[in-house]
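Input: a single structure, listed below in structure tokens.
The values are calculated or read from the model by the stated rules, or taken from the named source; none is laboratory data. What you are looking at is a predicted structure, and each value in this text was computed from that prediction instead of being measured. Note that we place each Cβ from the backbone using ideal geometry, even for glycine, and neighbour counts take in every protein chain shown. Ligands, DNA and RNA are stripped out before the accessible areas are found, and what is left, the full protein with its side chains, is counted by its heavy atoms. Shrake-Rupley method; radii C 1.70, N 1.55, O 1.52, S 1.80 Å.
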Amino acid sequence: MGITQVLEYVLLFVLGASLGSFYNVLIYRLPRNMSIVVPSSHCPACGRSIRWFHNIPILSYLLLRGKCAYCGTRISIRYPLVELASGLLAVLCRVRFEDYMTGFVFFVFFSILLVASLIDWDTFLLPDSLTLGGLAFGLISSVFRRDFSLYDSLLGALVGGFSFLLIYLYYTKLRKMEGLGFGDVKLMAFIGSVAGIWGVAYAVFLGSLLGLLYALPIIIKNRTLQFAVPYGPFLSIGVFLGTFLDIKSFFL
């Protein structure tokens, strides 16, 4: 690995981590229907605006020892972890995909999934601005990709969205219960529009397996099936693992 490539990866990590700081804003504000522009970043406890040198991704958290610089309130470890994840994601997409356009598309794809998953985990909501906005991004970006076509994008979106729509209707219309949120239907359409049919398969099978592994200890401990688990994060992790491990190569 040459010095030029190392510098490229460092630059991508810094850029990704900086975007991760913005993702933290989205995760906090979108489910609260707050503007993502105003007010500027501030401490939720004391309301003081965060100066730029207190808002350097990852580094500021470490230097401030995880506390607000003004009131000393503890800052969630999630903030630097999201920044770290976004930085690593930028590097991973560059390493995994030789084509710059494809790498960019998947970086945006997984960034949206990261934000949507954490919102879903906190609130059991998947904002339309992320799922439907992501679906539009997937369809439009497919026109510019070498590895993917608009047909692939439309087919993936239809397979992902329609299959989960049937599950949603089964629970709501026949069993009269919400076993699956409609946000998951839109999320699967988004996943299919970017990652195609294989992405849908990764999300469903790996996501379901991961969800079961998470839920099983809870079922055993509480001896009940009456609890809710957000499905979005597991679907997202499933398509992430399937894509980066390139599982389809084992079958083709």
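Across every pair of non-identical alpha carbons in the range 70-193, the mean reciprocal distance, once inverted, gives a Kirkwood radius of 16.0 Å.
Across the accessible surface of the range 1-157, with the other protein chains kept in place and a 1.4 Å probe, carbon and sulfur atoms take up 68 percent. Of the trypsin sites (Lys or Arg not before Pro) in the range 155-201, the ones in a loop by DSSP (not H, G, I, E or B) with at most 15 other beta carbons within 10 Å are 175, 176. Model label points for residue 5 and residue 251, set 7 angstrom from Cα along the Cα-to-Cβ axis, are 3.1 nm apart. What the chain shows is 57 Å² of accessible area per residue, with the surface traced by a 1.4 Å probe over protein heavy atoms. Between residue 70 and residue 15, the distance separating the two model label sites (each 7 Å from Cα on the Cα→Cβ line) works out to 3.3 nm. To the nearest 0.05, how large is the calculated FRET efficiency for residue 42 and residue 128 if R₀ is 45 Å and r is the Cβ-Cβ distance? With R0 = 45 Å, the Cβ-Cβ based efficiency is 0.95. Normalised radius of gyration (Cα atoms, divided by 2.2 N^0.38 Å) for the range 28-90: 1.15.
Residue separation of residue 151 and residue 228 scaled by 0.36 nm, minus their Cα-Cα distance, works out to 24.2 nm of gained length. With a Förster radius of 45 Å applied to the C-beta separation of residue 98 and residue 178, the computed FRET efficiency comes to 0.60. If the chain linking residue 221 and residue 29 were pulled fully straight, counting 0.36 nm for each residue of separation and taking away their Cα-Cα distance, it would gain 65.7 nm.
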